[in-house]
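Accompanying notes for the structure given below.
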Amino acid sequence: MKEIKGTIASPKGFLADAVHAQLKYKNLDLGLILSQVPAAIAGVFTTNKVCAAPVLIDRQIVKKGQARAIICNSAVANAVTGEQGYSNALKTQKLLAEKFELKAEEVAVCSTGVIGVQLPMEKIATGISKLSQNEGTAAYFAKAILTTDTQTKTINFEAEIGGQIVNMAGVCKGSGMIHPNMATMLAFITTDAKIAQALLQKTLSEIIETTFNQITVDGDTSTNDTVLLMANGQAKNNEILEGSSDYLLFKEMLAKVCQSLAKQIAADGEGATKLIEVTVKGAPNDLAARFIAKKIVGSSLVKTAIFGADPNWGRIISSIGQVANFEVSDIELKLQDELVLYHSTPVDFDAAFLSEKLKEDKIEIIADLNAGSGLGQAWGCDLTYKYVEINALYTS
């Protein structure tokens, strides 16, 4: 397996495009992913009880298990928009189906942006009419789905599976309202692998738990969170079967794609200057380790300390103690590979030196709880003045 350069349309049989539909003042804002043949589709969605109209539609598409296209707009979330919002999502689905001679039930619809605003359907219709199947525009899709993001987020891998080269590509957006159970974001993954839909769904659901569900920026879960994965079989590999060596490689590739996208979202949190990676080991089990890691990286006190390059490890220990449901009397803690706590006892360290290391772009926190073999990771970012500025002015 190796990472390669590419776009969301690099896997065989996929195309992508994007246009400026004038939902934003400028920049691309309406994007398309199209499979030239029917594809198995898997998905995971927000746990927020107030979910957007597109989420309701896409859940049904995933339940049926097959799709040809994904249409995504930015600027308007189409959430908390009532019957009109749901009708508009269905109309978007129908317009794209008519444009590319598809069945409406094969078109997944996604939206991201401001909540409580109706989609401007005349602009949506005009934008859809401009979308094409021409090659060479696939890279535009990653730009069209952005909101407060500062950069596009993409990843591509290839590997030999079932006697053929299989490609997998991912693209996502997400910067604020990031506190998943699912992640507050949109993520789209394409692959030309041949794999049954049921196994595709099972695999995605498992990997979500250790990747997208382990990132947090601000503790808020969105109304629109969606991860969609399409597999169209155009690599012509032997079908991937659960438990086989091919399956293990496919699962590893999907995990790498999801983890890369998750970390890119965390690093691009609104106003962020640093990516924070927390590793917790020595917990009674993996679930406990992941839970504690996410608590640490989600702590406002930890996040602000990291922003200020303050080696205040007491805030980390406090986070651990708040959520651990087992004894934590023997903790070893490292910041930027500098030991600050050993057997739950402070050790001497050069605070000025560590403070300088905490000014780096990536911050690593490692906590060994010495209470088992459980291992978990979580990713987030620092909390800055800029985060407040962005969100104070988001709809103005």
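Per-structure values
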| quantity | calculated |
| --- | --- |
| Pairs, first more than 20 Å from Asp246 (Cα to Cα) and open to solvent by 10 Å² or more (accessible area, probe 1.4 Å) in segment 155-174, second among the hydrophobic types (A, V, I, L, M, F, W, C) and in a strand (DSSP E or B), C-beta under 7 Å, six or more apart | Lys173/Leu186 |
| Exclusive hit being modelled with pLDDT of 95 or more, among the β-branched types (Val, Ile, Thr) and crowded, with 20+ Cβ neighbours inside 10 Å, set Ile240, Ile215, Ile208 | Ile240 |
| Matching option when the condition is within 14 Å of Leu186 (Cα to Cα) and either surrounded by fewer than 23 Cβ atoms within 10 Å (Cβ to Cβ) or free of Cβ contacts under 8 Å to residues at least 12 places away in the same chain (or both), among Cys51, Cys72 | Cys51 |
| Only listed residue being in contact with a Gly (Cβ under 8 Å, 6 or more places away or on another chain) and of a type outside the set (Val, Ile, Thr), chosen from Ala305, Ala293 | Ala293 |
| Test: residue in segment 322-339 that is over 30 Å from Lys202 (Cβ atoms) and of a type in the set (Gly, Ala, Ser) | yes |
| Filter pass, Ile41 being among the β-branched types (Val, Ile, Thr) and open to solvent by less than 20 Å² (accessible area, probe 1.4 Å) | yes |
| Which numbered condition Ser319 misses (of (1) part of a loop (DSSP other than H, G, I, E, B); (2) buried (at least 17 other Cβ atoms within 10 Å of the Cβ); (3) not β-branched (Val, Ile, Thr)) | (1) |
| Subset of segment 100-126 (residues that are under 23 Å from Ile189 (Cα atoms) and in a helix (DSSP H, G or I)) | Phe100, Ala104, Glu105, Glu106 |
| Filtered residues of segment 111-162 (kept if among the hydroxyl-bearing types (Ser, Thr, Tyr) and under 16 Å from the mean Cα position of the chain (by Cα)) | Ser111, Thr112, Thr147, Thr148, Thr150, Thr152, Thr154 |
| Unique match (being closer than 30 Å to Asn370 by Cβ, among the aromatic types (Phe, Trp, Tyr) and in a helix (DSSP H, G or I)) among Phe291, Phe250 | Phe291 |
| Selection status of Lys357, open to solvent by 30 Å² or more (accessible area, probe 1.4 Å) and either modelled with pLDDT under 95 or in contact with a Pro (Cβ under 9 Å, 6 or more places away or on another chain) (or both) | yes |
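The rows are residues; the columns are (1) under 20 Å from Leu383 (Cα atoms); (2) of a type in the set (D, E, K, R); (3) part of a loop (DSSP other than H, G, I, E, B).
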| residue | (1), (2), (3) |
| --- | --- |
| Val302 | yes, no, no |
| Arg315 | yes, yes, no |
| Asp330 | no, yes, yes |
| Leu333 | no, no, no |
| Leu341 | no, no, no |
| Phe349 | no, no, yes |
| Ser355 | yes, no, no |
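The values are calculated or read from the model by the stated rules, or taken from the named source; none is laboratory data. Given the structure is predicted, the values throughout are model-derived calculations rather than measurements. When we count neighbours, we look across all protein chains shown, and the Cβ atoms used for this are built from the backbone with ideal geometry, even at glycine. Remember, those area values only see protein heavy atoms, side chains included, never the ligands or the DNA or RNA. Shrake-Rupley method; radii C 1.70, N 1.55, O 1.52, S 1.80 Å.
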